[in-house]
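If you scroll down you'll find the structure; I have some questions about it.
The values are calculated or read from the model by the stated rules, or taken from the named source; none is laboratory data. Every value quoted in this text rests on a predicted model; they were computed, and no experiment measured them. We place every Cβ from the backbone using ideal geometry, glycine too, and count neighbours over all the protein chains shown. Quick note on the areas: whole protein, heavy atoms, side chains included, nothing else; ligands and nucleic acids left out. Shrake-Rupley method; radii C 1.70, N 1.55, O 1.52, S 1.80 Å.
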Amino acid sequence: MSMGKRRIAVLVSGGGTNLQALIDAQGRGEIVNGEISIVISSAPGVYALERAKNAGIHNCVLDRKNYPSSQAMTAALVEKLKEFSIDLVVMAGFMTIVTHELFEVYNNAVINIHPALIPSFCGKGAYGLHVHEQALAYGVKISGATVHFVTEECDSGPIILQQAVDVLPDDTPEALQRRIMEQCEWKLLPQAVSLFCQGRLAVEGRVVHILP
């Protein structure tokens, strides 16, 4: 690899569809100046680990059940990230609580994708299909996805990119989830990662400026 590429860790807990989007984007050369160095799962036996193996990416499990607390798990995670000289941490369906120790080391260097237009339908309890159930119950006409920097407060970090889709009259939570994944999540996440790796994100308070 050429010198100076940003080293990326992807954190997963499940099937890894957003991880696959990143792997595919990397394969197409769309993650400029970055490479996925490690995939870390908070649970054993998940399909995301197979995706990493199939792509020849180093992977490991930090099983939440093996740690007495979120702090202990986070400390182990930070050690692993340091061991691999990671520059950017990407949460791609990572369902485990992490504590401030991560953000102290990786300030404005942890990103997450959320399947709604933050600040709508986010925070406690808003994950997976629940997000889309909430959006449909509220009767919104558009929803979408948000890539944001992660801070200690759930879903409240500075917003990097957002993309909207129409909510259709006969949508089910599953149909809306699929549309948002295909049209928003799988495009936005690689785009945001690439911008970070190119040094094109400048954070000023709540606002993320995208540099030319």
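Could you go through the range 37-49 in sequence order and give the Karplus-derived ³J(HN,Hα) for each residue, using 6.51 cos²θ - 1.76 cosθ + 1.60 with θ = phi - 60°, rounded to whole Hz, and x for Gly and Pro?
9, 7, 10, 10, 9, 8, 8, x, x, 7, 5, 4, 5
Where does helix 17-27 land angle-wise versus the long Cα axis of the chain, in degrees 0 to 90, nearest 10?
Helix 17-27 and the main axis of the chain meet at about 60 degrees.
Rank by packing, highest mean first: peptides 143-153, 68-78, with packing defined as the count of other Cβ atoms within 10 Å averaged across residues.
143-153, 68-78
DSSP loop trypsin sites (Lys or Arg not before Pro) in the range 27-127 with at most 14 other Cβ atoms within 10 Å of their Cβ, which ones?
Listed in order of number, the matching sites are Arg28, Lys124.
Excluding residues fewer than 8 places away in the same chain, name every one of the lysines whose C-alpha is closer than 23 Å to that of Lys80.
Lys5, Lys53, Lys65
Can you compute the modelled spin-label distance between Leu168 and Ala137, with each label point 7 Å from Cα toward Cβ, in nm?
If labels sit at Leu168 and Ala137, their model points lie 2.4 nm apart.
Arrange the peptides 157-170, 14-27 so that the one whose residues have, on average, the most other Cβ atoms within 10 Å appears first.
Highest-to-lowest ranking by the protection proxy: 14-27, 157-170.
So if I take the centroid of the Cα atoms in the range 110-139 and the same for the range 54-95, what is the distance between those two points in Å?
That distance is 24 Å.
I've got another one for you. Which whole-number value in Å² is the accessible area per residue of the chain, probe 1.4 Å?
48 Å²
Just to verify a number: FRET efficiency for His209 and Ala175, C-beta to C-beta distance, R0 = 25 Å, to 0.05?
Result of the calculation: an efficiency of 0.10.
Is any residue of the range 38-57 close enough, with backbone N under 19 Å, to a label point placed 7 angstrom from the Cα of Ala76 along the Cα-Cβ axis, and if so, which?
Backbone N within reach: 38-50.
I want to make sure I understand the PRE zone here: with the label point 7 angstrom from the Cα of Tyr47 toward its beta carbon, which residues in the range 10-31 have backbone N atoms less than 14 Å away?
Residues 13-21 qualify, since their backbone N sits under 14 Å from the label point.
Taking only DSSP H segments of four or more residues, each worth -39500 (n - 2.57), what value at 222 nm results for the chain once the sum is divided by all its residues, to the nearest 500 deg cm²/dmol?
Dividing the helical sum by the residues of the chain leaves -9500 deg cm²/dmol.
Moving to a separate point now. Take Glu182 and Asn33, extend 7 Å from each Cα along the Cα→Cβ direction, and tell me the distance between the two endpoints in nm.
Calculated label separation equals 3.4 nm.
Now a separate question. Mind telling me which of Val89, Val193, Val140 comes out most flexible in a GNM of the chain, alpha-carbon contacts under 10 Å?
The residue that fluctuates most here is Val140.
Whole-Hz Karplus ³J(HN,Hα) for the range 51-67, in order, using 6.51 cos²θ - 1.76 cosθ + 1.60 and θ = phi - 60°, x for Gly and Pro?
Karplus-based 3J(HN,Hα) across the range 51-67 equals 4, 5, 4, 4, 8, x, 9, 4, 9, 8, 10, 10, 6, 3, 5, 7, 10 Hz.
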